[in-house]
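Asks: Sharing a structure, written as structure tokens. Questions coming.
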Amino acid sequence: MSGPIPVSSRAANIEYAIRDVVVPAVELESQGHEIIKLNIGDPIAYPGLPTPPHMVEAYASALKDGRNGYSPSYGIPALREAIARDEQRKGWPASADDVYVCHGVTEALQLIFAAVLEEGSKVLAPGPHYPPYMAYPQMYGAETVEYQLHSNDEWKPDFSDIRAKMDDDVRLLVLINPNNPCGTVCGPAEVDALLAIARDYPNCIVVADEIYDGLDFTGQHVSVASRSSDVPVIALNGVSKVYYAPGWRIGYMALHDPTNRLPLVRDGIERLLRSRLCASTPAQLGYLAGLEGDRQWMDVYAQRVLNQRNHCLNRIEGIEGLEVERPGGAFYMFIRLTDDHWAADDKAFVLELLHEEHVLLVHGSGFSPELGKGHVRLVYLADTDVLDVAFDRIERFLEKHRSARMS
């Protein structure tokens, strides 16, 4: 009998730590254990942060009215116009023709990589970073090079490291702002510093992943496109995080091309968009309702998230074995394991904590094998009562293992 049919190396080498750790958690749940899941950035998974009713009603109405056929490949025109107006409010002259609606930001990334990258080209992305920035470029013969973030300075970018790693093969320079997994918020000075580096490389495009831009607790966040008068920027955003509708899978890319250097890239992106038909029509209409409706509800949600962040900071301060830089935005904490035993193997910490205390986090090395090691990511969207139970268990776990090693 013949052996198994081989899998492609591009598929076999992909890892997605955020969901990979769910596999052992599901096994424990099948055995009757209840798991406190603080691993995935899905706001709908936590009580108190539902998708706004007017958006849900618009989605449902679209279905009831039969508006669930194919839409234009680049997105429903009214939605593209609404997104362009929203980007204009952020400070740059976006038009509807600059906006392309996708199956979430993840598909937007895949399309950008497919349109720009070739064998031998590079993506320069922050480390730690959102896993698709590492997983997908390899499919196009490219590689991801990580630039460092300052782990003792709120995970701000190390611009000297970016400068040292830039060369003519870097086609995409990525800024995730606010950052996943660290919660970093870059203000005007940092954005300008990044653009100044990109300016010296005429074939480089800045990718500005701004999906968490409505969760900025510093007051410093700025649109990257709004700061650029010459460097091409592709802004990424969508409905998942700030509009609390991740399962709708609607995101967009918006091309800022102030010196007309992207016509060929734009043509390639449009060809790819046409070949995959369109994003969900009813979900686009739901997002349109969010963009055009009153947004006061966002302040209420953001205050809740901020309160939970502060609660977690207070709890971590009192737990021996944990340290954290104050996140400026998003809803993640990238927690440092100060015990040498766990710092050397953060994945073992996550798996043993899961099996012994039934709390699920994500190992920092899953966001970067080198630059994320010795950390864990925690999503702080759960109710404070649930967070307190989780921290009690984490503290108990650390104390138990510390005592066992000392005995």
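Asks: Please count how many residues of segment 148-157 are over 15 Å from Ile197 (Cβ atoms) and in contact with a helix residue (DSSP H, G or I) (Cβ under 7 Å, 6 or more places away or on another chain).
Replies: Residues flagged as over 15 Å from Ile197 (Cβ atoms) and in contact with a helix residue (DSSP H, G or I) (Cβ under 7 Å, 6 or more places away or on another chain) within segment 148-157 amount to 0.
Asks: A follow-up question, please. Run Pro128 past the list (1) modelled with pLDDT of 95 or more; (2) touching a Cys at 6+ places or on another chain (Cβ under 8 Å) and report the number of the one that doesn't hold.
Replies: (1)
Asks: Regarding segment 339-348, can at least one residue be identified that is farther than 25 Å from Ala25 by Cβ and more than 25 Å from the chain's Cα centre (by Cα)?
Replies: Within segment 339-348, the subset farther than 25 Å from Ala25 by Cβ is 340.
Filter once more, keeping what is more than 25 Å from the chain's Cα centre (by Cα): 340.
Looking through segment 339-348, at least one residue is farther than 25 Å from Ala25 by Cβ and more than 25 Å from the chain's Cα centre (by Cα).
Asks: For segment 289-407, please list each of the strands (runs of 3 or more DSSP E) lying entirely inside it that holds at least 3 residues being not aliphatic (A, V, I, L, M).
Replies: 332-337
Asks: Hey, among Gly286, Gly247, Gly238, which residue is surrounded by fewer than 18 Cβ atoms within 10 Å (Cβ to Cβ), in contact (Cβ under 8 Å) with a residue 40 or more places away in the chain and not basic (Lys, Arg)? Before you say what the answer is, go through the steps one by one.
Replies: Values: Gly286 fails: surrounded by fewer than 18 Cβ atoms within 10 Å (Cβ to Cβ); Gly238 fails: surrounded by fewer than 18 Cβ atoms within 10 Å (Cβ to Cβ).
That would be Gly247, the only listed residue that is surrounded by fewer than 18 Cβ atoms within 10 Å (Cβ to Cβ), in contact (Cβ under 8 Å) with a residue 40 or more places away in the chain and not basic (Lys, Arg).
Asks: Run down Ala96, Ala164, Ala82, Ala114 and say which single residue is surrounded by fewer than 22 Cβ atoms within 10 Å (Cβ to Cβ), under 27 Å from Lys373 (Cα atoms) and of a type in the set (A, V, I, L, M).
Replies: Numbers: Ala96 fails: under 27 Å from Lys373 (Cα atoms); Ala82 fails: under 27 Å from Lys373 (Cα atoms); Ala114 fails: under 27 Å from Lys373 (Cα atoms).
That would be Ala164, the only listed residue that is surrounded by fewer than 22 Cβ atoms within 10 Å (Cβ to Cβ), under 27 Å from Lys373 (Cα atoms) and of a type in the set (A, V, I, L, M).
Asks: I'd like to check something: does segment 382-404 contain any residue that is buried (at least 16 other Cβ atoms within 10 Å of the Cβ), more than 22 Å from Tyr212 (Cα to Cα), in contact with a Phe, Trp or Tyr (Cβ under 9 Å, 6 or more places away or on another chain) and among the acidic types (Asp, Glu)?
Replies: Taking every residue of segment 382-404 in turn, none turns out to be buried (at least 16 other Cβ atoms within 10 Å of the Cβ), more than 22 Å from Tyr212 (Cα to Cα), in contact with a Phe, Trp or Tyr (Cβ under 9 Å, 6 or more places away or on another chain) and among the acidic types (Asp, Glu).
Asks: Can you spot a residue in segment 15-36 that is within 30 Å of Pro258 (Cβ to Cβ) and either crowded, with 20+ Cβ neighbours inside 10 Å or free of Cβ contacts under 8 Å to residues at least 40 places away in the same chain (or both)?
Replies: First, pick out the residues of segment 15-36 that are within 30 Å of Pro258 (Cβ to Cβ): none.
Checked segment 15-36: no residue is within 30 Å of Pro258 (Cβ to Cβ) and either crowded, with 20+ Cβ neighbours inside 10 Å or free of Cβ contacts under 8 Å to residues at least 40 places away in the same chain (or both).
Asks: Only one of (1) surrounded by fewer than 16 Cβ atoms within 10 Å (Cβ to Cβ); (2) touching a His at 6+ places or on another chain (Cβ under 7 Å) fails for Gly329. Which number is that?
Replies: Unmet for Gly329, out of (1) surrounded by fewer than 16 Cβ atoms within 10 Å (Cβ to Cβ); (2) touching a His at 6+ places or on another chain (Cβ under 7 Å): (1).
Asks: Taking the options Asp161, Asp230, name whichever one is farther than 27 Å from Ser365 by Cβ, over 21 Å from the mean Cα position of the chain (by Cα) and charged (D, E, K, R).
Replies: On the way: Asp161 fails: farther than 27 Å from Ser365 by Cβ.
Being farther than 27 Å from Ser365 by Cβ, over 21 Å from the mean Cα position of the chain (by Cα) and charged (D, E, K, R) holds for just one of Asp161, Asp230, which is Asp230.
Asks: I'm trying to understand the selection: among the residues of segment 176-193, which are crowded, with 24+ Cβ neighbours inside 10 Å and either of a type outside the set (A, V, I, L, M) or not in a loop (DSSP other than H, G, I, E, B) (or both)? Steps first, answer last, please.
Replies: Going residue by residue through segment 176-193, those that are crowded, with 24+ Cβ neighbours inside 10 Å are 176-186, 191.
Scanning segment 176-193 gives Ile176, Asn177, Pro178, Asn179, Asn180, Pro181, Cys182, Gly183, Thr184, Cys186, Val191.
Asks: Report whether or not Arg261 is at pLDDT 95 or above and in the same structural domain as Gly214 (by TED's automatic domain parsing). If you could, list the steps in order and put the result at the bottom.
Replies: Details: at pLDDT 95 or above: yes; in the same structural domain as Gly214 (by TED's automatic domain parsing): yes.
Yes: the conditions hold for Arg261.
Asks: Okay, next question. Looking at Ala142, Ala225, which one is farther than 29 Å from Asp86 by Cβ and crowded, with 17+ Cβ neighbours inside 10 Å? Can you show your working first?
Replies: Values: Ala225 fails: farther than 29 Å from Asp86 by Cβ.
Matching residue, one of Ala142, Ala225: Ala142.
Asks: Out of contact with any His (no Cβ under 8 Å at 6 or more places or on another chain), crowded, with 24+ Cβ neighbours inside 10 Å and not in a loop (DSSP other than H, G, I, E, B): which single residue out of Val265, Val207, Val231 fits that description? Quick ask: steps written out before the conclusion?
Replies: Working: Val265 fails: crowded, with 24+ Cβ neighbours inside 10 Å; Val231 fails: not in a loop (DSSP other than H, G, I, E, B).
Just a single option satisfies the conditions, and that option is Val207.
Asks: Confirm whether Arg67 is at pLDDT below 95, among the basic types (Lys, Arg) and surrounded by fewer than 21 Cβ atoms within 10 Å (Cβ to Cβ). Step through it out loud before you land on a result.
Replies: On the way: at pLDDT below 95: yes; among the basic types (Lys, Arg): yes; surrounded by fewer than 21 Cβ atoms within 10 Å (Cβ to Cβ): yes.
Yes, satisfied.
Asks: Continuing with the same structure: For segment 98-147, name all the residues that are of a type in the set (S, T, N, Q) and either more than 23 Å from Leu195 (Cα to Cα) or within 17 Å of the chain's Cα centre (by Cα) (or both). Don't jump to the end; show me each part of the working.
Replies: Let us first name the residues in segment 98-147 that are of a type in the set (S, T, N, Q), namely 106, 110, 121, 138, 144.
Residues satisfying the conditions are Thr106, Gln110, Gln138, Thr144.
The values are calculated or read from the model by the stated rules, or taken from the named source; none is laboratory data. Because the structure is predicted, anything quoted here is derived from the model rather than measured. For neighbour counting, all protein chains shown are included, and Cβ atoms are generated from backbone atoms with ideal geometry for every residue, glycine included.
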